[in-house]
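What follows is a set of notes on a single structure, which appears directly below.
Just so you know, all these numbers are worked out from the coordinates, no wet-lab data involved. Computed from a predicted structure; not experimentally measured. When we count neighbours, we look across all protein chains shown, and the Cβ atoms used for this are built from the backbone with ideal geometry, even at glycine.
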Amino acid sequence: MANTRYSDSDLQEFEALIHSKLEQARSDFDQLQRSLSYEDDNRTEDTAPTFKMMEDGSDTMSREETAQLAARQQKFIMNLENALLRIKNKTYGICRVAARAARDHVHRGQESAGPKALSSDTRPAGAAWIVAAVLVLDQVVKVGIKLSFALGERVSFLPGVFDIQFIENDGMAFGWALPGATGKYILTAFRVIAVVLLSIHLYRIGKSGAPRGFRQALSLILAGAAGNIVDSIFYGRLFTRSSFAEFASWSWQGEWGSYAPWFRGNVVDMLHIAVQWPSWWPVESWIGREVFPPIFNIADVAITVGVAWVVLKQKSWLGSAPESSPRVSESAQ
């Protein structure tokens with residue numbers, strides 16, 4: 001059975017921390033009040049009239065800023081006092097939604113941002129299955145295209161909307177590349193390092209209880225990056241060179257053998273959005289051009305979906321940093 005509250009020793013530790021923060025917060029609040037009452041400030045009664053007017057205007061703005069800081073500080077003190085009351089009632093750190101004790105590292109360092117930040121997501125994300133499924137689908141489609149399409153061959157699925165067009169590129173997603181053999185090696189090395197680091201990060205956040213959707217989004221990004229790495233590392237040795245006149249074949253079946261050394265293979269792309277800007281489009285130079293010209297593959301789609309998912313859901317997954325207590329050094333001089 002899961003713990004529903006912190007132990008008495010934990011509550012004593014939190015109480016000591018909050019008392020120290022409360023003492024500092026009250027000291028800061030007193031200093032702000034003294035600043036507002038001019039106890040620690042120099043007045044302008046003995047200043048020449050012209051400069052007195054300028055200083056008084058600046059002083060008014062300074063007092064407004066200080067008053068705002070004082071209000072924030074007072075609210076911060078009230079929150080700390082409420083936390084002490086919850087500790088006394090032995091309800092501190094209990095999630096109002098799940099009725100479970102919050103994770104220690106959330107509370108020992110700072111006050112929780114809300115009920116959602118108090119619990120971890122232990123649901124399985126199926127990260128390995130997502131990576132495997134995307135990799136298999138990506139490679140099956142790429143091998144099928146490589147062995148059955150001539151370079152540049154195009155088959156329309158939805159006329160004017162979507163078609164399959166086989167091209168190869170030696171670069172990144174959507175055909176972006178670094179020039180030359182050195183650029184190819186650098187790009188492949190970067191991909192491998194990125195996949196290794198992302199795999200380690202995905203494993204760690206899985207252990208720490210990161211939101212399931214976040215782990216699934218990273219799994220899509222990982223699978224897409226790995227899919228294009230397979231092309232770069234192995235395809236140069238596995239296949240013969242594709243041409244505009246004939247299909248490629250397995251390297252051991254072709255007359256000329258493989259077309260590139262290890263780590264120098266080209267990435268296979270085949271997905272093409274054929275939608276064009278309509279005649280009524282206000283930018284005349286765009287009319288008749290494709291809305292999205294790059295040709296891409298399933299790995300690119302996985303990366304794009306994963307990144308978009310993270311961008312759209314980052315606030316609910318990762319939350320926002322809690323507001324720190326205002327410092328006296330921020331007050332007007």
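Structural remarks
- Put in line by how crowded their Cβ is, counting other Cβ atoms within 10 Å and starting with the fewest, Ile186, Ile167, Ile77 read Ile186, Ile77, Ile167.
- Sum of side-chain charges, Gly144 neighbourhood, beta-carbon under 14 Å (Lys, Arg +1; Asp, Glu -1): -2
- Rounded, prolate or oblate (a/c below 1.5 giving rounded, otherwise prolate when a/b exceeds b/c) for region 127-318 by Cα gyration tensor: oblate
- Count Lys and Arg as plus one, Asp and Glu as minus one, and take only other residues whose Cβ is under 14 Å from that of Ala127; the net charge is then +4.
- Cβ crowding within 10 Å, taken as a proxy for footprinting-reagent exposure, orders Ile229, Ile273 from fewest neighbours to most as Ile273, Ile229.
- Radius 13 Å from Cβ of Ile164, net charge of other residues (Lys, Arg +1; Asp, Glu -1): 0
- Counting only Cα atoms, the size of region 218-267 along its three principal axes is 42, 21, 14 Å, in decreasing order.
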